[in-house]
Amino acid sequence: MRVFKNVMMWMSVACIMIVHCAASAQEADDAKSFVIAGAGPSTQVIELLAREFQAAHAGYTIVVPPKSIKHAGGLAWATTGGQLFGRTGRPLSTEDRDAFPTAVELPLARVKMAFAVSKELGVSALTLEQWTDIYTGTLGNWKDVGGPDMPIMLLGRAQGESVLTAICNAFPFFGETTFVKIYDKEHRIIKATAKVPGAIGFSSKTELAAAQDLTILTIEGFQASLRVALVYDTAHETDETVTLMKAFIRSERWRSALEAHDFLPVDNEEDENS
C-alpha cells in the first residue's frame with residue numbers, strides 16, 4: 001500500500017509538471033511528442049538525449065521535467081502510467097522487475113559521481129587518503145586538509161538511493177559512513193552543500209557542475225559511476241519511436257555526444273547489467 005501511495009504521488013507530481021511545462025508537447029502530434037520523467041541522476045543525460053534525438057529526427061518534441069519523481073516513479077511512468085519512456089537511475093533490481101514485469105531497459109550511459117563543497121570554503125582538492133579519512137571519521141576539521149578551522153559536515157543520501165549505491169559499490173566502506181543529515185532528493189543535497197557551513201556533499205558530477213556556488217573536489221584515484229537508462233513497456237515494443245531510439249543510442253553520434261559532455265558510454269553486455 002505504501003509503495004502504491006508513493007507511485008501515485010510521483011505520478012501526480014509528474015502530471016503537474018506536464019500541465020505547466022509541456023503545453024507545446026501536448027499540442028503536437030502524440031506519436032512524436034512525449035515526456036520522459038523519472039530519476040534525478042539521469043536528468044542531464046536525458047536532456048542531452050532529447051536534444052540529440054530531436055536534431056537527428058525532425059518533428060519530435062521531447063520534454064524532460066527537471067524535478068525527479070524517483071527511480072520507481074520512472075518505471076511507473078512508462079508502464080502503469082502509460083507513457084512511452086521513463087528514466088531510471090540504476091540497473092533494475094529483482095524487486096523492480098517483480099513490481100514492473102513489463103518494463104524493458106535501454107541503457108544509455110554511465111554518469112560520473114563526484115564530491116563538492118561551497119566555493120567559500122576554499123578547498124578544491126583532496127588526496128584519496130584524505131577523502132577516506134574524512135568519511136571514516138579520522139579527520140573532522142577542514143584545517144586538517146588545508147582549509148579553514150571548521151568542522152566537516154557530512155551530508156548524505158538514504159540507503160538504497162542510486163547515487164549512494166554507486167559510491168558504495170566502488171568503495172564499500174562508504175556504506176558505514178555516519179551523515180549529519182540525509183536528503184531524499186538530489187537537488188536538495190546540492191542546495192544544502194552550498195549553504196550548510198563546512199558541508200561536503202555528493203551527487204552526479206554533471207548536476208554538481210551546474211551549481212555555480214559549488215567547487216567540485218579533485219580526488220586523485222576516486223572513480224565511481226552510475227548506469228542510467230530509458231525504460232519502456234513491452235506494449236510499445238514495435239512502436240516506430242522505440243525502434244528509432246534503440247538505433248540512436250547505439251550510434252556513433254550518441255557516443256560522441258556522451259564523451260563531449262563528460263559522460264561514459266555503455267560499452268558491453270556486462271556493463272549494461274551493472
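What follows is calculated from the coordinates using simple rules that are stated; it is not laboratory data. Please read all numbers here as calculations on a predicted model, not as lab measurements. Here the Cβ positions follow ideal geometry from the backbone for every residue, glycine too, while neighbour counts run over all protein chains shown.
Tell me, which longest segment in the chain has none of the GluC sites (Glu not before Pro) that fall in DSSP loops with at most 14 further Cβ atoms within 10 Å?
Values: sites that count: E220, E237.
The answer is 1-219.
Tell me the Kirkwood radius of the stretch 112-219: reciprocal of the mean inverse pair distance over distinct alpha-carbon atoms, in Å.
On the way: mean 1/r = 0.0736 Å⁻¹.
With all distinct Cα pairs of the stretch 112-219 included, I get 13.6 Å.
For every other residue with a beta carbon closer than 12 angstrom to the beta carbon of T138, add +1 if it is Lys or Arg and -1 if Asp or Glu, then tell me the sum. Walk me through the numbers before you get to the answer.
Values: positive: none; negative: E129, D133, D144.
With Lys, Arg at +1 and Asp, Glu at -1, the neighbours total -3.
Among G122, F53, L230, whose Cα projects farthest towards the positive end of the dipole of the chain, with charges put on the beta-carbon of Lys, Arg (+1) and Asp, Glu (-1)?
G122
In debye, nearest 20, what is the charge dipole magnitude of the stretch 112-219 about its Cα centre with +1 on Lys and Arg Cβ and -1 on Asp and Glu Cβ, if you could check? Don't jump to the answer; show the numbers that get you there.
Details: 10 positive and 11 negative charges, 65 e Å.
Magnitude of the dipole: close to 320 debye.
Please build a GNM for the chain, connecting alpha carbons under 10 Å apart, and tell me which residue among V64, V180, V242 fluctuates the most.
Residue with maximal mean-square fluctuation among V64, V180, V242: V180.
I need the Kirkwood Rh of the chain: take the reciprocal of the average 1/r across all distinct C-alpha pairs and report it in angstrom. List each step's numbers first, then the result.
Working: mean 1/r = 0.0512 Å⁻¹.
For the chain, inverting the mean 1/r across all distinct Cα pairs yields 19.5 Å.
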